[in-house]
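Since the structure comes first, as structure tokens, the remarks are kept for the end.
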Amino acid sequence: MDILYRKLADDLAGLIQTGGFQPGDRMPGVRQQAQQHQLSIATVISAYRQLEDWGLLEVRNRSGFYVKARPLAQVQAPRVHVTTMRPAPVSGQDMVLQLVKAANDPSIVQLGAAVPASEFLPTRAIEQALTKVVRQQRVRSANYEFSPGAPELRRQLSRRLAEAGCAVHPDSLIITNGCQEALTLALRAVTQPGDVVAIESPTFYGLLQVIESLGLEALEIPATPQTGMSLEALELALSRWPVKACVVTPNFSNPLGCSMPDANKQRLVSMLKARGVALIEDDIYSDLGFSQVRPSLLKALDENVILCSSISKSLSPGLRVGWIAGGIHQPRIEYLKYVLNLATATVPQLAVAELLENGQYERHLRRVRSDYAQAVARMTKAVIETFPEGTKISQPQGGFVIWLELPGNIDSFELARQALAAGISIAPGPIFSASKKYTSFVRLSCACEWNARVERALVKLAGFLKK
């Protein structure tokens with residue numbers, strides 16, 4: 001059997017590598033292959049498992065074997081934008097409001113906001129959980145679930161964190177209205193107006209808006225698409241400026257999609273702890289790695305790291321359920337949460353707890369991880385085929401956005417305005433910087449419904465660039 005399964009695996013690998021099977025294609029069923037090649041079912045399964053070990057196939061729960069997305073060797077990564085590091089007020093965020101409004105307009109092709117389309121979300125399971133909660137807990141559903149939040153949800157989150165190697169007691173978690181509120185509470189707890197906050201550059205524009213609203217100054221630390229924030233640049237910045245807090249997305253950051261190596265995580269935690277700088281970890285994308293292995297958390301290295309996260313990207317943006325684990329800052333954060341809005345909505349909390357407890361969330365993740373990997377590969381391939389030569393593209397290992405560096409002297413703000421007038425939403429690079437860097441960069445969301453409209457939109461964008 002050893003020779004037979006290996007020969008079948010080699011034959012199928014050749015077909016995959018020469019394009020006979022494309023990324024995302026479902027492989028023929030085990031019985032079909034066994035009959036076609038006159039082999040036993042056990043031999044075919046062994047061949048498929050070998051292809052899985054080689055990284056060519058992936059298993060989708062109750063669906064079968066699929067050809068796995070492969071990195072494109074010819075793609076060049078965007079360059080690292082390094083300038084003089086100096087704290088500065090946040091500016092140039094007015095474009096963000098247009099981007100957010102466009103996300104709710106069905107007439108616009110949504111490539112800008114990092115909001116997953118409905119086919120990436122378990123809408124049926126969410127509906128069932130909401131219905132069950134309202135039916136079985138009518139009285140509780142109509143009342144406040146005051147901070148720190150629903151106990152059953154905090155217990156489920158604590159268990160998931162423990163599985164990721166991070167021990168956080170349920171009583172050390174506070175439920176928030178998404179990760180944005182968690183980041184706001186974290187920064188309010190450890191800073192005062194005028195303080196300096198070190199951030200990755202480029203970074204999520206929502207964080208920039210929080211920094212702006214709190215009257216803080218952003219110190220941009222360059223990050224690479226491969227390993228994230230430059231620790232050498234951070235160390236230099238810490239020696240020059242009175243940094244009070246540092247906000248990092250170590251796993252599949254937005255917009256770069258980079259993942260910080262474990263050695264860098266350890267060094268980052270030690271560096272900031274030694275200087276008494278508060279470390280805030282944005283963990284919103286960790287569940288969406290293309291590998292089945294969840295990456296490690298900074299919080300697991302130091303209990304006083306402030307961990308912020310939510311299910312907005314992985315389960316449902318509309319439920320607005322997030323959480324924060326504040327370590328020594330927990331009492332202050334809980335008070336600020338109460339003052340800000342009393343409580344997070346009760347029904348969504350209970351529904352998310354139900355989805356975690358009954359295993360629906362984990363089953364959804366097993367499917368959607370590969371869906372996002374395919375979506376990123378599909379968008380990357382389309383960009384390579386349509387955009388001008390010289391376009392550089394990030395190759396994330398998780399999440400669902402790609403970061404592009406456009407060739408030539410491109411003004412991505414102007415490109416975004418032209419695109420929006422043509423019914424296409426994209427995210428221009430300067431909104432990911434406190435000081436309007438990245439004028440020739442854009443971010444595209446790959447978590448869209450792929451159809452002819454999207455393909456035409458990419459061709460139209462390429463036409464604008466070529467002009």
Quiz item: Do we have residue 436 as within 29 Å of residue 213 (Cβ to Cβ), open to solvent by 10 Å² or more (accessible area, probe 1.4 Å) and touching a residue at least 40 places away in the same chain (Cβ under 8 Å) here?
Solution: yes
Quiz item: Taking region 135-162 on its own, how many of its residues are hydrophobic (A, V, I, L, M, F, W, C) and over 30 Å from the mean Cα position of the chain (by Cα)?
Solution: 2
Self-check item: Condition check for residue 384: open to solvent by less than 10 Å² (accessible area, probe 1.4 Å) and closer than 29 Å to residue 227 by Cβ
Solution: no
Quiz item: Which condition number in (1) of a type outside the set (Lys, Arg); (2) farther than 21 Å from residue 207 by Cα; (3) open to solvent by 60 Å² or more (accessible area, probe 1.4 Å); (4) in a loop (DSSP other than H, G, I, E, B) is the one that residue 407 fails?
Solution: (3)
Quiz item: Out of 301, 315, 279, 307, which single residue is touching a residue at least 60 places away in the same chain (Cβ under 8 Å) and either assigned to a strand (DSSP E or B) or surrounded by fewer than 24 Cβ atoms within 10 Å (Cβ to Cβ) (or both)?
Solution: 307
Exercise. Considering every residue within region 65-74, establish whether at least one is modelled with pLDDT under 80 and aromatic (Phe, Trp, Tyr).
Key: no
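Keeping to region 159-174, report how many residues are open to solvent by 20 Å² or more (accessible area, probe 1.4 Å) and either farther than 20 Å from residue 293 by Cβ or of a type outside the set (A, V, I, L, M) (or both).
Taking region 159-174 as the starting set, the residues that turn out to be open to solvent by 20 Å² or more (accessible area, probe 1.4 Å) are 159-160, 162-165, 167, 169-172.
Applying the additional criterion that residues be either farther than 20 Å from residue 293 by Cβ or of a type outside the set (A, V, I, L, M) (or both) yields 159-160, 163, 165, 169-172.
Qualifying residue count, region 159-174: 8.
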Quiz prompt | Every pair of residues 6+ apart whose Cβ atoms lie under 7 Å, when the first sits in region 1-17 and is over 17 Å from residue 38 (Cβ atoms) while the second is modelled with pLDDT of 80 or more and open to solvent by less than 30 Å² (accessible area, probe 1.4 Å) | solution = 13/51; 13/56; 16/56; 16/67
Quiz prompt | Residue count for region 324-344, restricted to those that are in a helix (DSSP H, G or I) and either within 19 Å of residue 283 (Cα to Cα) or free of Cβ contacts under 8 Å to residues at least 60 places away in the same chain (or both) | solution = 8
Quiz item: When you scan region 380-409, how many residues do you find that are out of contact with any Asp or Glu (no Cβ under 8 Å at 6 or more places or on another chain) and over 23 Å from residue 251 (Cβ atoms)?
Solution: 12
Self-check item: Subset of region 218-269 (residues that are open to solvent by 10 Å² or more (accessible area, probe 1.4 Å) and in a strand (DSSP E or B))
Solution: 220, 222, 224, 243, 244, 259
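The values are calculated or read from the model by the stated rules, or taken from the named source; none is laboratory data. As the structure is a prediction and not an experimental result, all values here were calculated from the model. Ideal geometry is used to build each Cβ from the backbone, glycine not excepted, and the neighbour counts take in all protein chains shown. Only protein heavy atoms, including side chains, enter the accessible area calculation; ligands, DNA and RNA are left aside. Shrake-Rupley method; radii C 1.70, N 1.55, O 1.52, S 1.80 Å.
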